[in-house]
Structures are given as C-alpha cells and as structure tokens.
Amino acid sequence: MLSILAATDLGRAPHVVLVCYLLILLGLGIVGFLRGKATEEDYYLAGRGQGLLVTSLTIMATFFSGVALLGFPGLVYEHGVSAMFLALNLPVAGAAVYLLGNGIRKLGKARNYVSPGDMIAGYYGGNTIRVVAAVLGILYVLPYIIIQIKAGGLLAQTLFGENMYNTGAVALSAVTLVYVLVGGMRSVAWTDVLQGLLLLSGAVLAGIAVIASMGGPGEFFAKVADLDPKQLTMHDPAESKWNPWWILTFCLFASLASIVQPAQWMRFYAARSSKILRRSAVIFAVVLPACFLFGVMLVGLGGRALHPPIDSSLPLTAVNLPEGLGKADQIAVFMLREELPVMLGGLGVVLVSIIMVAIMAASMSTADSNLHALGGVITRDVYDQCNPDASQKQRTWVGRIVIIVTTLLALLIVYLGENSEFGKGLLETIAQFFFLAMAFSCQLIPAAVDILYIRRGTRAGAIAGMITGGVVVLATLFLAGNDTIQTIKRIIDLGGFALAFNVIVFILVSLFTSKPDPEHIAAFKRDLS
Amino acid sequence: MSEKRSRKPAAIILTVIFLFALVMGAGPGSLLIAPPGSEPPLWFGMPALYLWAVLWFLVEAAVIMIAACTLWGKEKD
C-alpha cells in the first residue's frame, strides 16, 4: 500500500517522528494506568467520566481507520467528484452520536452496562440475543483488527526496508497491546486524542499542501475543470456504484452501522453527560466532513489533474497508472512526496513524515479501540454468562487475556498472509469480511432504535431480524458472482439492503410473539427520560 | 411532557430539512446538476457538483447545530 514511499528520500525525519509518536503513546498508556482504578467499569469505560475533548476525538479516531487518509483521496482519484459525496455520511453519523449515543449512555449508566449485548439482552431478556449481538459485533471487530495490524506492517516496511514487514507489525502491535492492556479505555481514549488530532490535521494539511503546490485555489480548480467530464458528473447505476442511489443509501446506513459498532457503543457508555455527547455530535458532524471536503479529498482531484491514468477508459491497474503510482489509494502519498519537500524544503519533509504517522495513527486508533471492545464483548457476553460469580478482577483479566490472544492470532494471520499460500488465502477471506463489517454491524440498528424510541419489538422478533440480516449479508458474499446481486450492490448499500430484511422480519415476528413485561418497558422508559 | 410536545414541530421540520438535504446532496438531487453523460457545469470556476456537495453539507451541518442548540440543548443530564 505504501511501498511508494520506499523511493522517497526523506532522510531520518520519518524515523524520528515515528519514534517520538510511539513513545508518546506508551507514555499516555502508563499515565492512563497510574490514573486508573482496578475495577471493571474503569478498565472498560474509564469510570464513565470522559470529558468533551476525549469523547469527541476518540469517537472520531475510532470511526476512521487508515482508509480515511489513503482510501478517500484514492476513491476521488478513481471515480471523481461523485466519490466526494461520501463525506455527506458524516453529518448523519454525527446526528446519531447524540440521537442514539445519548440514550445508550443513559441506559448504560442506570444499569451498569458495558457491552452492546448488555443493553440488548437487558431489554429483551435471555442469552440467545446476547450471543447473536456479540457475534455481529465480533464480525465487525475482528477483521478490522487484523487489517489494521497488516497496515502497520506495511508502513514499517515502507519506512525501514522491505524485510521489516514482520518486525514492524510485531513492534506496532506490541506498543498498541501494552497501552491497551495496562490502561484500558482511559489509555485507549487518551491515545485516540493524539491520533484524532493527527488524523484531522493530516487531512487538512494534505489538502492545503496540494492546492498550494498547484498554484493556489484558482489554478487548482482551473486544472480540475479540464478533467474528463465523467470525473465531474454523477455515474450511471448501470455502470458503477458511484451513482446517487448507492451513495444515498451508503450515507444513511453505513454511517449508522459505524456508530453502533461495539467500540463506539462503549464510548457512549463512557461519556460523562448528555452535554458532552451533544457537543461531540456537533464537532463530529461539522469538523470532520469539513476536513475531508476542503482537505484530503481535494488531493484526489488534484492528483487526477496532475497525474492522470494512461487510458481513462481502462481500469486503474498498475500498468494503467502513471509511473511510480502502483494503486489509486497511493495518490495522496504520491502527491505529497512529490510536492511538499520541493515546496517547503526541510519543513516539507517533516510535514510528509507527520502525515505518514497520521496514516499509521488512523490505523492504530482503530485497532486499539476494536481490541479493547472485543475484550469487553467477550468478557461480558460470553465469560460472564458461563461464570456469573466472577469477581471484577477476574473479568478484567479475562478481557486482557482476550486482547493478548487476539493480538497474537492477528499477528500470526498477518505473518502467514505474507509468508504462505494458505495464509494469503486466509488473509484474502478476512479482507472480504472487512468489507462486510459495516453491513454486519448495521444489523444492530433495529434493536437499538426499538429499545431507545419505539419499544414495541419482542425478543423473538429482534433475534429473527438480526439473524436474517446477518444471513443476507453472508449470502451476498457467497453469491457475489450472481448478476442480480451485483446489480443490487450497485444501487443500494449492502448493509441497508440486509437491514430491510432485518426490519421486515423483526416487525412480522414481533406482531405474533409476546412483548416484554409492561413494567419492564416502563422502567426502561424512565431510565431514558 | 408538554415541553416535549412543544418541541415536536421543530423536531419534525429539522428532520425533514435534514433528509431533504441528504436526498438533494448525496441522493438523486445531484442529478439535477451533473447527470451521467452530461457536460459538467462550472460555478465560479469550480466544478458545480463539488459546490453542490459543499452546499448540502453546510445545510446538514446547520440543521445539526440548530438542533443541538435548541432541541438537544433542553435535554436534562
């Protein structure tokens, strides 16, 4: 992914910036440990006392993986302005931070919930629904952890040499593991503050640098205006998914899916007050899309104008891209490497290094949040059900063991993926699940909305709906070659498509099965008021 | 309860504006500006489709800020 940087002569700057960054992360992990208490609530939710700076930035950093700084400009480079409309999913997600997150926070505080399964099983009752919610959450979390660790290995390979892939993946996982293990949510969230700031500043800086290097906004847009018309119009649904129908459903459903995934859900439990979540929602909805629309996404457009593919009518494979650009998602790094050091000399080198570390920060913040959430989900939704009398200390240690085992497993898969045919196939399968992760997470939305706002669903309805949605997502994976499935996936976001089945089944089954006790529903309503 | 009821019309209006902005921006509304196969228009020297995305982002952001200051701001902690 970042092999392009290997050719860059940036001297020692990336090494210095990277080492400083990792040391700060370790320092924050240790401070988080020293400030923490030895309770389950403290380890998983930082004592439910997180303030505005930490809450807003940890939600943003968890929302975006390395895709933010690499993938978005790559998509704009490949598909043009139509891909920029993806930024409009961020205000939807921002609204959901408050409209879903605040209810989740209130119930969590009133009833000592830690995982999403706690709330869903707490309302509907029974362990089956807890397990189904946990499985959907794990299907989101696991591929994300593995893919982010792989991204860390690739970055190390890029910075330190071809043979540093394994060492880099191990070293970066080890740093993440240490601060997640010792400090729990407090350390993860504090490191997310740094990583979130790097992500935002990296996104803005990248845009400013490219526009300035092309002669300012006037020159930049003059060059962009000369692009192939297809880059500046919406696409036809018959040809590509970059059409208004798919983009609209993506903005509606993928945003919500990312907000109800386990790591975000636990961040809502951890927020101190409604006011904190309200302000975090506004920051998320306003600042984040602005950084993308006025920042890093413009890098893709500028890249297309300055370094177009050899033949625009052909797919953007390595042979059809300009020399030095292996894949479309390398365009941001390619442009910055070309322009910044020339424009700003030594300062440009430092800025390129910071942006590269921002890319790694985006991956690490996603990996650490998901690792931590996985520990919470497995402890609360699996271990606690087998051993309900476990002490808080035991529960915290089970979470830590899950985090260690998962990191080692992820590293093994990443290692095998690089060194064996079996591992390569396994990693490819995981990558497919990575693309389905949001669609799985999306299936938690109907139950969450029912608990927070409607309260007419039943346990059987919620279970049937979630299982149906999950099966529909899996079916699209196995029927990926089918023409009908391909057409559907071009006009509707997969999560939204499966969600429609989920909701229909949820409503139908709820009509014919018994509702929770009215007293129980009233108690939830009181806790939410 | 009566306060909640009095906020309902404002909540409905803001929700409708937000959804309208989403449909006009990310959704089929964008076809009004630059449909597939058309000659892309420029506004102020910039691609009209880009400004269209920015415009509807600003509407969405404004709706959320108004909701946060008026409707959500009244939520008790």
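Tell me, which residue of the range A:291-326 that is surrounded by fewer than 24 Cβ atoms within 10 Å (Cβ to Cβ) and touching a Pro at 6+ places or on another chain (Cβ under 8 Å) is nearest to the other protein chains (Cβ to nearest Cβ)?
That would be A:PRO308.
Here are the criteria: (1) at positive phi; (2) crowded, with 22+ Cβ neighbours inside 10 Å. Tell me which single one A:GLY216 does not satisfy.
(2) is the only condition that A:GLY216 fails.
Which members of the range A:49-63 meet the condition of being surrounded by fewer than 20 Cβ atoms within 10 Å (Cβ to Cβ) and part of a helix (DSSP H, G or I)?
A:LEU52, A:LEU53
Answer yes or no as to whether B:TRP72 is within 10 Å of chain A (Cβ to nearest Cβ), open to solvent by 20 Å² or more (accessible area, probe 1.4 Å) and closer than 17 Å to A:PRO244 by Cα.
So B:TRP72 fails the test.
Could you list, in sequence order, all residues of the range B:19-35 that are within 7 Å of chain A (Cβ to nearest Cβ) and not polar (S, T, N, Q)?
B:LEU22, B:VAL23, B:GLY25, B:ALA26, B:GLY27, B:PRO28, B:LEU31, B:ALA34, B:PRO35
Would you point out which residue out of A:LEU45, A:LEU28, A:LEU57, A:LEU69 is hydrophobic (A, V, I, L, M, F, W, C) and either in contact with a strand residue (DSSP E or B) (Cβ under 8 Å, 6 or more places away or on another chain) or within 30 Å of A:ASP226 (Cα to Cα) (or both)?
Answer to the check: A:LEU69.
Kindly check whether there is at least one residue in the range A:111-127 that is modelled with pLDDT of 95 or more, of a type in the set (Lys, Arg) and over 23 Å from B:ALA67 (Cβ atoms).
yes
Considering each of A:LYS223, A:LYS241 in turn, give the residue that is farther than 24 Å from A:PHE435 by Cβ, surrounded by fewer than 22 Cβ atoms within 10 Å (Cβ to Cβ), of a type outside the set (Asp, Glu) and more than 7 Å from chain B (Cβ to nearest Cβ).
A:LYS223
Do you know which residues across the range A:98-127 are open to solvent by less than 10 Å² (accessible area, probe 1.4 Å) and outside any helix (DSSP H, G or I)?
Within the range A:98-127, A:VAL114, A:SER115 meet the criteria.
Assess whether A:VAL170 counts as being open to solvent by 50 Å² or more (accessible area, probe 1.4 Å), more than 17 Å from the chain's Cα centre (by Cα) and under 17 Å from A:LEU18 (Cα atoms).
Answer is yes for this residue.
Identify the single condition in (1) more than 14 Å from chain B (Cβ to nearest Cβ); (2) in contact (Cβ under 8 Å) with a residue 40 or more places away in the chain; (3) open to solvent by 10 Å² or more (accessible area, probe 1.4 Å) that A:GLY27 does not satisfy, given that it satisfies every other one.
(2)
Give the range A:491-529 a look and list any residue that's of a type in the set (A, V, I, L, M), farther than 30 Å from A:ASP236 by Cβ and modelled with pLDDT of 95 or more, or say none.
Within the range A:491-529, A:VAL505, A:ILE507, A:LEU508, A:VAL509, A:LEU511, A:ILE521, A:ALA522, A:ALA523 qualify.
Residue by residue through the range B:24-41, note down the ones that are surrounded by fewer than 16 Cβ atoms within 10 Å (Cβ to Cβ) and not in a loop (DSSP other than H, G, I, E, B).
Once the filter is applied, which keeps residues that are surrounded by fewer than 16 Cβ atoms within 10 Å (Cβ to Cβ) and not in a loop (DSSP other than H, G, I, E, B), the range B:24-41 yields B:PRO28, B:LEU31, B:LEU32.
Can you tell me which residue in the range B:4-62 is nearest to A:ALA95 (Cα to Cα), limited to those that are of a type in the set (Val, Ile, Thr) and without any contact (Cβ under 8 Å) to a residue 40 or more places away in the chain?
Top of the filtered list is B:THR15.
In the range B:1-22, is there at least one residue being in contact with a Gly (Cβ under 8 Å, 6 or more places away or on another chain) and either open to solvent by 10 Å² or more (accessible area, probe 1.4 Å) or of a type in the set (Asp, Glu) (or both)?
Looking for residues that are in contact with a Gly (Cβ under 8 Å, 6 or more places away or on another chain) and either open to solvent by 10 Å² or more (accessible area, probe 1.4 Å) or of a type in the set (Asp, Glu) (or both), one finds none in the range B:1-22, hence no.
Could you list, ordered by first residue, the pairs with Cβ atoms under 8 Å in which the first is in the range A:272-283 and closer than 14 Å to A:LEU107 by Cα and the second is part of a loop (DSSP other than H, G, I, E, B) and open to solvent by 30 Å² or more (accessible area, probe 1.4 Å), at least 6 apart or interchain?
A:ARG272/A:GLY49; A:SER273/B:ASP77; A:SER274/B:GLU75; A:SER274/B:LYS76; A:SER274/B:ASP77
Looking only at the range A:482-499, filter to residues that are under 26 Å from A:VAL135 (Cβ atoms) and over 23 Å from the mean Cα position of the chain (by Cα); which one of those is least open to solvent (accessible area, probe 1.4 Å)?
So the residue we want is A:ILE485.
So in the range A:67-82, with the set limited to residues that are under 18 Å from the mean Cα position of the chain (by Cα) and open to solvent by less than 10 Å² (accessible area, probe 1.4 Å), which one is nearest to the other protein chains (Cβ to nearest Cβ)?
Out of the qualifying residues, it is A:PRO73.
The values are calculated or read from the model by the stated rules, or taken from the named source; none is laboratory data. Here the structure is a predicted model, which is why all the values come from computation and not from measurement. With ideal geometry, Cβ positions are generated from the backbone for all residues, glycine too; neighbour counts draw on all protein chains shown. These accessible areas exclude ligands, DNA and RNA; they are computed on the full protein's heavy atoms, side chains included. Shrake-Rupley method; radii C 1.70, N 1.55, O 1.52, S 1.80 Å.
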